[in-house]
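See structure below.
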Amino acid sequence: MKKEKLDQLLEKLSLEEKVGQLVQLGPMFFSEGGEITGPMQAMDMTKTELYQIGSVLGTHTKEEVKNIQSTYLEHSAHGIPLMFMADVIHGYETIFPIPLALASSFDPSIVKEMARLSAKEATSAGVHVTFSPMADLVRDPRWGRVLESNGEDPLLNATLIKAYVEGYQGDSLLDPETLAACVKHFIGYGEAEGGRDYNTVDISDLVLYQNHLPAFKAAIDAGVKLVMTSFNTIRGIPATGNRWLLQEVLRRDLNFDGVIISDWASVHELINHRVAADKRDATFKAANAGVEIDMMTDNYQHHLVDLVKEGLISEEFINQAVMHVLQLKNDLGLFEDPYRSLDKHPEKEIIEVELRAESRRIASQSMVLLENQQAILPLQKEDQLALIGPLAESHDLLGAWSWIGKTEQSVTISEGLLSKTKQIEMVKDRHDYVKLKYVDKVIVALGEHSEETGEGGSKTEITLPQEQIDLLKEVYKWNQNIIVVLINGRPLDLTEIKMYSRAILEAWFPGSEAGNAIADVLYGDVNPSGKLPMSFPRSVGQVPLTYNMMSTGRAINEYNHTQKYVSKYLDNENTALYPFGYGLTYSNVKLSEVEVIDKGDNVTVNYTLINPSMLDAQEVVQLYVKDMVTEVARPERELKYFEKVFISAGASKKCSVNLTSEDIAYYHPDLIKKADDGTIELYLGLDSQAPLIGSWHYKA
Ligand code: GLC
């Protein structure tokens, strides 16, 4: 529909009809035949009001969408179609690895493909908008939602967020197999104090601009259509009622002109924060801040019209908000086709075959090999194996945000291994432990339940349950050739696991094809290539622990670490057990012939990767910088470049990377981002402990 038609449509709407477009409800409000439902009564909503709402959240099938859309349009005064939104986080019915696993691939092309395929499946079920990607930068593994994140680094986060948006939205939303993306949660939600979900956040403007905004900027620059406000406070005011945050930072500084949607009931929760006296006040605070869609509460439904009539909220704001919603529906082609060719999508079964194959491939690229002592991996076909542990035959492999995923159809670890070998003993209880003695290697499958992670899944401990550690110690008594496979959604304290195993494969929640992907990696059919997107601490007492910690006045180093008055712990080391960017391959790829060419306003680093093994490999090369003198305290090192490089068996590859002022610009106390002349140390390697390779004397 042409823009002027949209303007004419807007003109026709009453104030009540305009506000209706800003209301979002669940499918339970609509039922066959459209009679009054329980939820409608509970929300004191009339049928007229119901058939004025703008969007629906959380449908599951295309039949449900078709029924709701057709019933709605029969009753709609102006024929404005509903928009259908859902949480398509890492797949819809076919589930891919959790986002933290996808981030471990350090490969934006993998993330983009996952998003594209998720959109293909979700749109075949009638979904138009996904509440993804999540751009929250995270530093605290106690927070259950780290599993939905891209980890602790701003560059990795921004790079992958761009890929998600491009994958979901494709070249045009008129393509019925694309989804409109909603980047979330704006902003700072991952910094919840104590790692406790929904807790207070208090970060400086510098940290906000330097670390948290880049990923949202990347999403907006990639054309993301919606931004979701977060539950937490920023500068002491909840984001959902924060006018400075939404108008000066999001609309002005980031130049966002799409739809701003609240999080689930976050408008209403302004009352719980005690920054709003009641629902009317909460409505005023959220609308005044610029929230356009009120997700799943009746605050806008019951109070926004009155606030406009009383002149407290301008009709100009309402018109802008409604136009953003109508424009999005228009971008999706809903006015021309409210069903978006729903009956022309490929059959579910055909989509599923393609997506499962891709889920297996992507999962195998998202696992991180943390230990491989005495090259116990890859497994050999002739190896006599035993498999033991609570995750050995579990289907709980999809992760916490896999609503529609078919858990019981996920491929278990035992099924994956049995597809490769028959030489495997399934050891399930104590009187079978003796069998462990007579096999070559023992695979111990450990990890978390999906319910221990995700939203509302915060924990004070990040070690595995004691019974799992005790089981590992028991197995160790019978056979020390132990390979631990981990199914989990957060960095864990693996101190004891490391002591009683020779190999550790971090598999995360790998999704529908988990067992097959794990077996592919264990047998070397896929050379592991994942890297940690989040540091694994030695103890929860170190948290928050990231590689890019700021310099301090008394940093510990090789010369002062025995002194008392330096920044250290008395009972543990400062460093991570496994650092950001770390991960092994089966190929032991090396970096050589490193050359730094300092050209003043830019620098080039040339290097050669050598793969001495008989296996093709992928290695993630990482370049970090340390700006030696700055106006504000800056990190000990910052990732400024990474690339996943394919190197054939026995081959070498020459590579090059160039850094400019853009890469070293940082926010100064006045919140202006710029680079200073000065010395920049350069670190090049295969993880965040990369060695110093030289300096760049930057001069503008
Ligand atoms: C939840 C989450 C958000 C999700 C929304 C809709 O509370 O915070 O990430 O997209 O509600 O389900």
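Please treat every number below as a calculation from the coordinates, not as lab data. Nothing here was measured: the structure is a model prediction, and the numbers come from that model. A quick note on method: Cβ atoms are made from the backbone with ideal geometry, for glycine too, and the neighbour counts reach across all protein chains shown.
Where a ≥ b ≥ c are the square roots of the eigenvalues of the C-alpha gyration tensor, would you call region 105-153 rounded, which needs a/c under 1.5, or, failing that, prolate if a/b is larger than b/c, or oblate? Verdict is oblate for region 105-153.
For region 496-581, applying the loop criterion from DSSP together with a ceiling of 14 other beta carbons within 10 Å to the GluC sites (Glu not before Pro) yields E558, E573. Report, to the nearest 10°, how far helix 348-364 tilts away from the longest principal axis of the Cα atoms in the chain, using its own Cα long axis and a range of 0 to 90°. Once rounded, one gets 40 degrees.
Under Stokes-Einstein, with the Kirkwood radius over Cα pairs standing in for Rh, what whole-number D in µm²/s applies to region 277-327 at 20 °C and 1.002 mPa s? This corresponds to a translational diffusion coefficient of 196 µm²/s. Once you order the gyration tensor axes a ≥ b ≥ c over the Cα atoms, which shape class does region 514-597 get: rounded for a/c under 1.5, otherwise prolate or oblate by comparing a/b with b/c? Verdict is oblate for region 514-597.
Going by the alpha-carbon gyration tensor, a ≥ b ≥ c the square roots of its eigenvalues, is region 130-239 rounded (a/c under 1.5) or, if a/c is not under 1.5, prolate (a/b greater than b/c) versus oblate? Prolate, because a/c is 1.5 or more and a/b exceeds b/c. Sorted into 10 angstrom bins from 0, the C-alpha pair distances of the chain split as 3, 15, 24, 25, 18, 11, 4, 1, 0 percent. Restricting the trypsin sites (Lys or Arg not before Pro) of region 238-304 to loop positions (DSSP other than H, G, I, E, B) with no more than 12 neighbouring Cβ atoms within 10 Å leaves R274.
Remark: region 407-456 carries a charge dipole of roughly 560 debye about the Cα centre, counting +1 on each Lys and Arg Cβ and -1 on each Asp and Glu Cβ. In the chain, Cα pairs under 8 Å separated by at least six residues give a relative contact order of 13 percent.
Taking every alpha-carbon pair under 8 Å whose residues sit at least 6 apart, region 600-700 reaches a relative contact order of 36 percent. Bridge orientation summary for the chain: considering DSSP beta bridges with both residues in this region, about 60 percent are antiparallel. Taking every C-alpha pair closer than 8 Å and separated by at least 6 residues, the mean separation divided by the residue count of region 474-606 gives a relative contact order of 23 percent.
Near Q468, once Lys and Arg are set to +1 and Asp and Glu to -1 for all other residues with Cβ below 11 Å from its Cβ, the sum equals -4.
Principal-axis analysis of the Cα atoms of the chain puts helix 315-331 at an angle of about 60° to the longest axis.
The alpha carbon centroids of region 152-220 and region 239-301 are separated by 18 Å. Take 117-124, 8-15 and order them by the average number of nearby Cβ atoms within 10 Å per residue, most first; the result is 117-124, 8-15. Relative to the longest principal axis of the Cα atoms of the chain, the long axis of helix 62-75 makes an angle of roughly 20 degrees. Only helices enter the 222 nm calculation for the chain: every DSSP H run of n ≥ 4 contributes -39,500 (n - 2.57), and dividing by all residues gives -7500 deg cm²/dmol, rounded to 500.
What the Cβ-Cβ distance of H697 and M28 gives, at R0 = 60 Å and to the nearest 0.05, is a FRET efficiency of 0.40. Going from the residue with the fewest nearby Cβ atoms within 10 Å to the one with the most, W244, W143, W696 rank W244, W696, W143.
Diffusion coefficient (Stokes-Einstein, Kirkwood radius over C-alpha pairs, 25 °C, 0.890 mPa s) for region 191-298: 175 µm²/s, rounded to a whole number.
Highest mean first, the peptides 426-433, 362-369, 315-322 sorted by other C-beta atoms within 10 Å per residue fall in the order 362-369, 315-322, 426-433.
Using the average count of surrounding beta-carbon atoms within 10 Å as a protection proxy, the listed peptides 338-349, 218-229, 376-387 rank, highest first, as 218-229, 376-387, 338-349.
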